[in-house]
Every structure is written in structure tokens, then in C-alpha cells.
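The values are calculated or read from the model by the stated rules, or taken from the named source; none is laboratory data. Just so you know, these numbers come straight off a predicted model, no measurement behind them. Every residue, glycine among them, receives a Cβ derived from its backbone with ideal geometry; neighbour counts consider all protein chains shown. In case anyone asks, the SASA skips ligands and DNA or RNA and just uses the protein heavy atoms, side chains included. Shrake-Rupley method; radii C 1.70, N 1.55, O 1.52, S 1.80 Å.
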Amino acid sequence: MTENFLVDHDGPITTITFNRPERRNCLDQAVILDFERHLHAVRDDRDCRVLIVTGKGTAFCAGADKAMFESPAGAEVDPAERRRRMGEFGKRWPRLIGRAFDVLAHLDQITIGAINGHAVGGGWSFALAFDFAIAVEAAEFWVPEVDLDVPYRGAPASVLAATLGPWRAKEAILMCRHYKADELFAMGVLNRVVKPDTLMPAAQELAKRMAAKSREALASSKRDINAVFFGQRLF
């Protein structure tokens, strides 16, 4: 059975890679809890100064795993059962995503998203928590929850609204609009847009620059900035 994530330690830089390329690095409860566990390990690692998160394959993270709404054989379930499952999904999903989001957003370490492809739903939610975000040209970002009859709520929704402003946020959340990487860069939401073969070199170069700075100065400054968007850190 393939591990959900690959973890690499290179001196003060840790890289976590979503490792479900055959499922476009989609999320289910087990994957989210596994991601949260790896984030806790980074939080408690005093040798780690910078975290890079990326994905294996053509997607960064394609959001919720559709298998949660299918029968074991892969066929669509009947409409009533699908509505029941979507209702359960809508109740527990914001809490699961939000909990991992909070850990990621409030890490003392500097975090860099190396977004190698589409970031959908929970994938875009996690991307919003990074300190820096670098995306490939082909990456697209959207939250499909409302089109799935599920509210998009919690800290990621608040951060998306604060980042995009009310009108763009309503386009993104209520209309489920797709945004290309170049569009978001022009809006100031991404730090850089790069060719696929330069994504990891760009992320690693930035990571090395951050790792060379004062740990205390970075962490204190980051906390003050994040308090505006994410609220005060509770741990």
C-alpha cells in the first residue's frame, strides 16, 4: 500500500509530498489525519526551519476523494444515499480541513507551497495557509463545494475572503469559479508562477534564503502578520 505522503529532510528544510498521483492527490479522512500528523512532527522538530509542501504527479491536491460518494464497485450511489453522504461530508469536512489548516498556518517554521498542478477544494484551502506560494503555469484553483451542495466554511473560507476581497471571494466560493495561476498572481495571491521544471529549484532556493535568517525574528514577525488573517495562535 502506497504511503499517502513522502517526507524528505535536507538539513533545516523538510519537504512533504502528497503521494497519491493515481488519485490526483485527493483527500479523505485518513489522508487529512495523516497530513496533520506530519505537520505535528514538523512543528515539534527543532532542527526544521522551513517546510516545503508539494504534490507528486499532475495535481497538487484535487480535493475530496470521489470514492467517498461511490459504491465499493465504483458506481454512483442512488440519489438519496448520495445526499446523505454529502450531508455527512458537509458536517465533518470543514472541521477536518480546518484543524490541519490551523496547524499549517500557525507553524513557527516558514512554509512554502510548491503547487505543481490543480489545487481544488481542500487543496486550495491548504495552499492558503502557506507563507509563500509558487505555482506552475498550468495550475488551476477552485472550490467546488457549493456546486456539490456543501457549504465552504471555516478558517480557509475566511482567509480566502480576506485575500480576494468580498466580490472575488463570492465568485470563488458561490460561483465556484476556476482561477488560473497567472490570474491569481496578477491579483497578488501567488508569489510566483514558473515552468514545471523550475518549480522545486525555485522553492528550494527560497527555502535556503529563509533558513539563513534568524529563527526568532522570522517566527515573531510571521505571528504578527498571521494574526491579521488567521487569528491569534492558540498553542
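All but one of (1) crowded, with 21+ Cβ neighbours inside 10 Å; (2) at pLDDT 95 or above hold for ALA64; which doesn't? Unmet condition: (2). PHE185 satisfies every condition listed in (1) open to solvent by 70 Å² or more (accessible area, probe 1.4 Å); (2) outside any helix (DSSP H, G or I) except (2). For region 131-159, a residue qualifies if it is part of a loop (DSSP other than H, G, I, E, B), among the hydrophobic types (A, V, I, L, M, F, W, C) and surrounded by 21 or more Cβ atoms within 10 Å (Cβ to Cβ), and the qualifying residues are ALA139, VAL143.
Comparison of LEU104, LEU148, LEU128, LEU160 shows that the only residue that is farther than 26 Å from ARG43 by Cβ and in contact (Cβ under 8 Å) with a residue 12 or more places away in the chain is LEU148. The strands (runs of 3 or more DSSP E) located wholly in region 1-68 that include 1 or more residues which are small (Gly, Ala, Ser) occupy 50-55, 59-61. Under the condition of being modelled with pLDDT of 80 or more and either among the polar types (S, T, N, Q) or assigned to a helix (DSSP H, G or I) (or both), the residues counted in region 79-122 number 16. Here the condition is being touching a Gly at 6+ places or on another chain (Cβ under 9 Å) and of a type in the set (D, E, K, R); of GLU140, GLU171, GLU183, GLU205, it holds for GLU140 alone. Surrounded by 14 or more Cβ atoms within 10 Å (Cβ to Cβ), under 20 Å from ARG99 (Cα atoms) and among the aliphatic types (A, V, I, L, M): is that true of ALA211 in this structure? So ALA211 does not fit the description; no. Any residue at all in region 18-33 that is within 14 Å of the chain's Cα centre (by Cα), open to solvent by less than 40 Å² (accessible area, probe 1.4 Å) and under 19 Å from ILE110 (Cβ atoms)? No, that holds for no residue.
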